[in-house]
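The values are calculated or read from the model by the stated rules, or taken from the named source; none is laboratory data. Just so it is clear, the model here is predicted, and its values are computed rather than measured. Cβ atoms come from the backbone with ideal geometry, glycine included; neighbour counts cover every protein chain shown. Just the protein is used for accessible areas: all its heavy atoms, side chains included, with ligands, DNA and RNA removed. Shrake-Rupley method; radii C 1.70, N 1.55, O 1.52, S 1.80 Å.
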Amino acid sequence: MGENLMAEPFVLFDLAAENQQQVMRALAAAMDQEGRLLDQEGYVEDVKSREAQASTAVGMNIATPHAKSVHVKTPSLGFARLAKPIQWDDNEKVDLVFQIAVPSPGQGDLHLKIISSLFRKMVYPEFLEKLRGAESAEEVIGLVGQVS
């Protein structure tokens, strides 16, 4: 797949956020600083409009906000472990967030492949325990492994 989806600068620990917008913006900013985005604000708007269609809270206190966007340069997967759980939608509180950025057009269903790869791991409680206890970005990247 070429460049790795995950990089240390967009693996965030103890992120202090009051709401999903702040989480999305923090992860987008970290991706942008690494040159992964063409337009940070445009990408955030695309993630928000995707979220408005249907919540990306997926159970187990995890959310997977994502967008296929013309504002993305390089496929990327950001991760945030929140300092405290936040209300993501009407039903669910979230403390782990995987945020996906995929260029459009040209990447086909890459975002769906990333999500399904994450879901296959999330069904294992020990995977989530290790994510919640991880102490370094390398540890998280190693746990997530090659998703796609």
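Descriptive notes on the structure:
- With all protein chains in place and ligands, DNA and RNA left out, the 1.4 Å accessible area ranks S49, S117, S104 as S49, S104, S117, largest first.
- Heavy-atom accessible surface of the chain: percent carbon and sulfur, 1.4 Å: 48 percent
- Solvent exposure ordering (accessible area, 1.4 Å, most first) of M122, M60: M60, M122
- E129/E18 FRET efficiency (R0 25 Å; Cβ-Cβ; nearest 0.05): 0.45
- 222 nm mean residue ellipticity, helices alone, for the chain (DSSP H n ≥ 4; -39,500 (n - 2.57); rounded to 500): -12000 deg cm²/dmol
- Given their separation in residues at 0.36 nm each and the Cα-Cα distance between them, A29 and S55 gain 7.2 nm when the chain is fully extended.
- Pairs of lysines in segment 24-145 whose Cα atoms sit within less than 21 Å of one another amount to 12, provided the residues are eight or more positions apart or on different chains.
- Taking all protein chains together and a 1.4 Å probe, the residues E92, E45 rank E45, E92 from largest to smallest accessible area.
- On the beta carbon distance between E139 and D89, with R0 = 41 Å, the FRET formula returns roughly 0.90.
- Couplings 3J(HN,Hα) of segment 77-87, computed from phi: 10, x, 9, 10, 9, 7, 4, 8, x, 10, 6 Hz, in residue order, whole Hz [Karplus 6.51 cos²θ - 1.76 cosθ + 1.60, θ = phi - 60°; x for Gly and Pro].
- For the chain, the relative contact order works out to 26 percent when only alpha carbon pairs closer than 8 Å and six or more residues apart are counted.
- In the context of the full set of protein chains, residues of segment 30-148 present 47 Å² of accessible surface per residue (probe radius 1.4 Å, heavy atoms only).
- Segment 91-139: trypsin sites (Lys or Arg not before Pro) in DSSP loop, at most 11 other beta carbons within 10 Å: none
- Between segment 19-38 and segment 44-63, the alpha-carbon centres lie 15 Å apart.
- In Å², nearest 10: area of D90 left accessible to a 1.4 Å probe: 150 Å²
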